[in-house]
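The values are calculated or read from the model by the stated rules, or taken from the named source; none is laboratory data. Everything numeric here is computed off the predicted structure, so don't read it as measured data. Neighbour counts are summed over all protein chains in view; Cβ atoms, including those assigned to glycine, are modelled from backbone coordinates with ideal geometry. In case anyone asks, the SASA skips ligands and DNA or RNA and just uses the protein heavy atoms, side chains included. Shrake-Rupley method; radii C 1.70, N 1.55, O 1.52, S 1.80 Å.
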Amino acid sequence: MLLTIDCGNTNTVFTLWNGDTVLCTLRTSTAHQRTADAYWVWFSTLIRHHGIEPDVEGVIISSTVPRVVFNLRVFTDRYFNLRPLVVGRPDCLLPIDVRVDAGTQVGPDRLVNTVAGYSQYGGDLIIVDFGTATTFDVADSDGAYIGGVIAPGVNLSLEALHMAAAALPHVDITHPDKVIGTNTVACMQSGIFWGYVGLIKEISGRIMDERARDMKVIGTGGLAPLFQSHAPVFDRFEDNLTMHGLRVIYEHNKEQGNL
Ligand SMILES: Nc1ncnc2c1ncn2[C@@H]1O[C@H](COP(=O)(O)OP(=O)(O)O)[C@@H](O)[C@H]1O
Ligand SMILES: CC(C)(COP(=O)(O)O)[C@@H](O)C(=O)NCCC(=O)O
Ligand SMILES: [K+]
């Protein structure tokens, strides 16, 4: 079994694989204070709930929060007697080139998304990931990560409105039927929903203009289906893109004799 771990700034997701089959996916909030033992209590309890006898032979981690990696390393070492691969570290090989300005520390989740997108769709891709931030990752025709765009996340934008304006409540994102809101909540939801539809269309279009070619736009992340079902902005929606990419990178390291 392979354990793939994706730590975003908001949530940490564990996926357990048997070959290319997902056995289960577990989600918790991201917290650097969480100890190796606390991960084990959570993981082993839920695994038992799913009726799985864990037999983990490999672990690969992508983390946008550097501080959480330490305890995850201890967790992996203590409970599986394994050294995890950590995306972004020099000892973790990638099957794609990374062509950005020297010294840039690209978010590992963005590299993983690019690997996953390229392995499923080939090159010339734009991957839009709705996490804490809304990111656009651009893959060249040979799959290389060549940069992208970082915009505020959908929930972050809603939270910022609430925090900064005394009269604006906390609201959840939803698809508003109309653009013109006739109450405060509807006005805010319209601003965010249609604002992001515009942002995705405009940025994708400009990336294609800049590259002077047509590109496939892949949406991923929790909120992608909400947009896709009401205002199609992607060519494809992928539920588990980051986890798929982690598995591809792990297999690549195995093939290269790096494990
Ligand atoms: N299906 C969903 N519906 C509504 N909100 C969601 C959904 N999935 C994730 N979110 C919210 O989107 C934000 C980003 O979540 P997530 O994708 O886990 O981000 P990250 O990868 O940066 O940790 C969080 O505020 C989370 O609560
Ligand atoms: C842009 C991000 C904050 C997105 O993180 P997420 O929304 O998945 O938590 C993350 O990829 C990151 O910290 N990137 C480093 C800078 C860069 O990618 O250029
Ligand atoms: K993410």
Would you list 32, 170, 244 from the most to the least accessible area, probe 1.4 Å? 170, 32, 244
Students often forget the sequence filter, so: which aspartates and glutamates lie under 14 Å Cα-Cα from residue 254 once same-chain residues fewer than 8 apart are removed? 57, 91
Per residue, how much accessible area does segment 123-239 have with a 1.4 Å probe, in Å²? 49 Å²
Signed unit charges on C-beta, dipole axis of the chain, positive-most listed residue 248, 46, 259: 46
Based on Cβ point charges of +1 for Lys and Arg and -1 for Asp and Glu, what charge dipole magnitude is obtained for the chain about its Cα centre, in debye rounded to the nearest 20? 500 debye
On full extension of the chain, what length is gained from residue 202 through residue 235, given 0.36 nm per residue of separation minus the C-alpha to C-alpha distance? 10.4 nm
Accessible surface, segment 2-86, averaged per residue in Å² (probe 1.4 Å): 49 Å²
Where the eigenvalues come from the Cα gyration tensor of segment 2-86, what are the semi-axes √(5λ) of the equivalent ellipsoid, largest first, in whole Å? 18, 13, 13
With 10 Å bins from zero, work out the P(r) of segment 169-259 over every alpha carbon pair and list the percent per bin. 15, 32, 28, 17, 7, 2, 0
Taking a cut-off of 26 Å between Cα atoms, list the lysines near residue 216, but don't count ones fewer than 8 places away on the same chain. 201
Across segment 125-130, in residue order, what do the Karplus-derived ³J(HN,Hα) couplings come to in whole Hz, using 6.51 cos²θ - 1.76 cosθ + 1.60 with θ = phi - 60° and x for Gly and Pro? 10, 10, 10, 10, 10, 8
Order the following by accessible area, largest value first: 17, 194, 42. Probe radius 1.4 Å; ligands, DNA and RNA are ignored. 194, 42, 17
Kirkwood-type radius of segment 61-214, with distances r between different C-alpha atoms, in Å: 18.0 Å
Taking N as the number of residues in the chain, what value does Rg over Cα atoms divided by 2.2 N^0.38 Å take? 1.06
Along the Cα→Cβ direction, 7 angstrom out, place labels at residue 99 and residue 78. What is the inter-label distance in nm? 4.5 nm
Per DSSP helix of 4 or more residues, -39500 (n - 2.57); summed, then divided by the residues of the chain. What does that give at 222 nm, rounded to the nearest 500? -13000 deg cm²/dmol
Student exercise, segment 2-86 dipole from Lys, Arg, Asp, Glu Cβ charges, in Debye to nearest 20: 340 debye
At 1.4 Å probe size, with no ligands or nucleic acids counted, give the accessible surface of residue 202 in Å², nearest ten. 90 Å²
When the dipole is taken about the Cα centre of segment 164-259, and only Lys, Arg (+1) and Asp, Glu (-1) are charged at their Cβ, what size is it in debye, to the nearest 20? 80 debye
